Amino acid sequence: MSQPSEIHIASTVRQLPYRSRLPGAFRPYRRALFGLLLPFSFLLSGLAATNPYLTELVYSRGIYPVLAGIFGRVFGLFPFSAAEFIVFGGIAVVIGYLAVQIYRMVKRRDVKQRALHILATLCCIGGVVYFLFTALCGLNYHRVTFADQSGLVIRPSSIPELAAVYAELVEKANALRPLVAETQDGVMTLYPDSMFTVARRAPQGFAQLAEHYPVFAGFTPPPKPVLASRGMSWLGIGGVYFPFTFEGNVNVDMPDFNIPFTMLHELAHFKGFMREDEANFIAYIAAREMDDIAFQYSGVVMALIYSGNALFAADRELYRNITAGLYPGVMRDFADNAAYWRQFEGPISEAATAMNDAYLRHNRQLDGVYSYGRMIDLMLADYRQRHGLN
């Protein structure tokens, strides 16, 4: 009689996993301990924001370039966007996980226990992801501004100054537009080059820009054309920097004159300048430094749009007078661009814009999506510096 009893006891002990020794009520919460990474990340960001010069020295010019050099080279080996596959794969995994948990919840009728398990897991994932975002690029939002690093003087500007910048860009766009390829409809095109060929040329802009601004020196990988670019258009997105792979991802479905500028914009993020206004300006001056006509034209035209919007808001008549002198090819590009984006207007793009606005505000770009317009201050400072007007 004793032998079966001993066997039963021994087999029961062997089958009990170590985790079963923990109190059952505690087990759903242990994964949520990773959620502590979330407040730790907030603390880290807060400290970085209060000490921008220390952030610049220790992180932006110390830790970050090492990370960017390593991961940029690794993921730069792939001609396609690894980020795209990670995002879709991650979504599939999360959906699959939730489906399994809901099935178990219904089958075992342990709604409370299973709900706590799901919540703890999601807290764990959220904490890890946000911590990685903060460590891999988020702290760059709090570095010393590019204006301070470049010596550009930001000050209030007059309407005539803004008009002078806009007029200069109109003149440059008119000079460059006849030199770019165009479709049978008379719209600028990057064809016959593939988007991957164009992407491989983009790092040249930063190699040349580094001659004036050493902060841009070092390895720069090509940006990645996205396969699901049409989906990005539905979300109203031209490009996305994915910090977990250090890749600049570009929507290549949008009108071609947007693409070279957007590639340079995403590479500006790779170089550690996360503020949107600075990334726009850096893309503009990087395009200006290149020998490639398509990149030059893209940079000038995008800067033309930003400055034109600002002048239109300040003085519509002056804006119309200067705009009347635009080369017809530029106007065709603008019309084609407006028609393209019009087809995606609706609740999806509005929701994406609202999310982007919240993201920018969270990272202390207090103007939200309107921080894109602050590029004008940098353009005006650059114009004054180039013309000796400071």
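With a 1.4 Å probe and every protein chain left in place, work out the accessible area per residue of region 106-261 in Å², rounded to a whole number. Provide the component values of the computation, followed by the final result.
Numbers: 6970 Å² over 156 residues.
I get 45 Å² per residue for this part.
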(Q) Using the crude model of +1 on Lys and Arg Cβ and -1 on Asp and Glu Cβ, and no other charge, please compute the dipole size for region 152-247 relative to its Cα centre, in debye to 20. (A) 240 debye
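At a 1.4 Å probe, what is the % contribution of carbon and sulfur to the accessible area of region 260-304? Please report the intermediate quantities before stating the final value.
Details: 270 of 650 Å².
Its accessible area is 41 percent carbon and sulfur atoms.
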Q: Collect residues whose amide H, placed 1.01 Å from N in the peptide plane, falls under 5 Å from the amide H of residue 239; neighbours closer than 5 in sequence don't count.
A: 251
Q: Just name one of 282, 313, 298: the one whose Cα is farthest towards the positive end of the charge dipole of region 266-322 (beta-carbon charges, Lys/Arg +1, Asp/Glu -1).
A: 313
Q. Using a 1.4 Å probe on the protein chains only, how many percent of the accessible area of region 39-161 belongs to carbon and sulfur?
A. 77 percent
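The values are calculated or read from the model by the stated rules, or taken from the named source; none is laboratory data. Everything numeric in this text was worked out from a predicted model, so none of it was measured. Please note: Cβ atoms are built from the backbone with ideal geometry, for glycine as well, and neighbour counts cover all protein chains shown. Surface areas here come from the heavy atoms of the whole protein model, side chains and all, with no ligands, DNA or RNA. Shrake-Rupley method; radii C 1.70, N 1.55, O 1.52, S 1.80 Å.
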